[in-house]
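Working notes for the structure below.
Since every read-out is calculated from the coordinates, none of them should be taken as a lab result. Being a predicted model, the structure only gives us computed values, none of them experimental. With ideal geometry, Cβ positions are generated from the backbone for all residues, glycine too; neighbour counts draw on all protein chains shown.
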Amino acid sequence: MLTGGNFYGGHIALAMDALKAALASAADLADRQIALLVDGRFNRGLPGNLAPAGGPDCALHHGFKGAQITASALTAEMQKNAMPAAVFSRSTEAHNQDKVSLGTIAARDAARQCELGARVAAIHWLAAAQACRLRGSLATRPALGPLAEWALAQAGLDGRDRPLDATIERLAQAILAGAAAG
C-alpha cells in the first residue's frame, strides 16, 4: 500500500486516466495494423500470417498468427482497463474525507497500461519488420531498416515456427527502458 499524506490528487487521477485511454487507443491502432499485415486478403501480396513461403512444410507454419491474436487480446485488456479511476471517488472516514481522488490507483493502472502497450508495440514492431524482410525492402528504409534488423535479430526468425513470447517480452522491456528509441 502506498501512502504519503499527499491528500487530494484529482489532477493526477485525471492525467493518468487520460494516459490510460491514449495508450489503449494507440494499442488499438497497432493491433489493427498487425491484423492487416497478417491477413493475406489485405497485405498486398505478403504471405498469410507473414509465414515465409517455400520449403516442404511451409503450409504448416503459422507465422505471426498467434502473435496477432496475443496483440488483440492485450489490446482488449487495455481497452477494458481504460475505464477512468477518478469516477469511483467515495467519501471515507465518516465523511471526513469527502472526495477521494484515486490518483495513486489511476497511476498504478497507467503503469500497467504501459506494460501491456509495450507488448503490443513489440509485436507490431516484429510484424512490420518481418513484412519488410519478406518484401526485401529493409535496405530501402534507412531510418527504419536498422531498427527492423535489430528486432529481427532479437527474434532470431529463420522461417520456422517457434514461440515468440520470450522475444516479445525482451523487446517490450527494451521499449519500456527506452533502449529501442535509437
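Please give the calculated 222 nm ellipticity per residue for the chain, where each DSSP H segment of at least 4 residues contributes -39500 (n - 2.57) and the sum is spread over every residue; nearest 500 deg cm²/dmol?
That comes out to -19500 deg cm²/dmol.
Between exposed trypsin sites (Lys or Arg not before Pro) in the chain, where DSSP calls loop and at most 14 other Cβ atoms lie within 10 Å, what's the longest gap? Walk me through the numbers on the way to the answer.
Numbers: sites that count: R41, R44, R90, K99, R160.
Longest gap between qualifying sites, sites excluded: 100-159.
Computed from the coordinates I sent, Kirkwood radius over Cα pairs in Å equals one of (1) 18.2; (2) 16.4; (3) 25.6. Tell me the label.
The value matching this structure is (1).
What aspartates and glutamates does K99 reach when the alpha-carbon gap must be under 13 Å and sequence neighbours fewer than 8 apart in one chain are set aside?
Candidates past the 8-residue exclusion: nothing left.
Full-extension gain between E77 and T92, please, as 0.36 nm times their residue separation minus the C-alpha to C-alpha distance.
2.4 nm
With the contact rule set at Cα under 8 Å and sequence spacing of 6 or more, what percent relative contact order holds for the chain?
Computed value for the chain: 27 percent relative contact order.
If you keep only loop residues by DSSP, which GluC sites (Glu not before Pro) in the range 67-118 have at most 16 other Cβ atoms within 10 Å of their Cβ?
Answer in residue order: E93.
Just to confirm a number: summing +1 for Lys and Arg and -1 for Asp and Glu over residues other than A148 whose beta-carbon lies under 9 angstrom from that of A148, what do you get?
Around A148, the surrounding residues sum to +1.
Can you give me the relative contact order of the range 84-182 as a percent, contacts being Cα pairs under 8 Å and 6 or more apart?
Over the range 84-182, the number comes to 25 percent.
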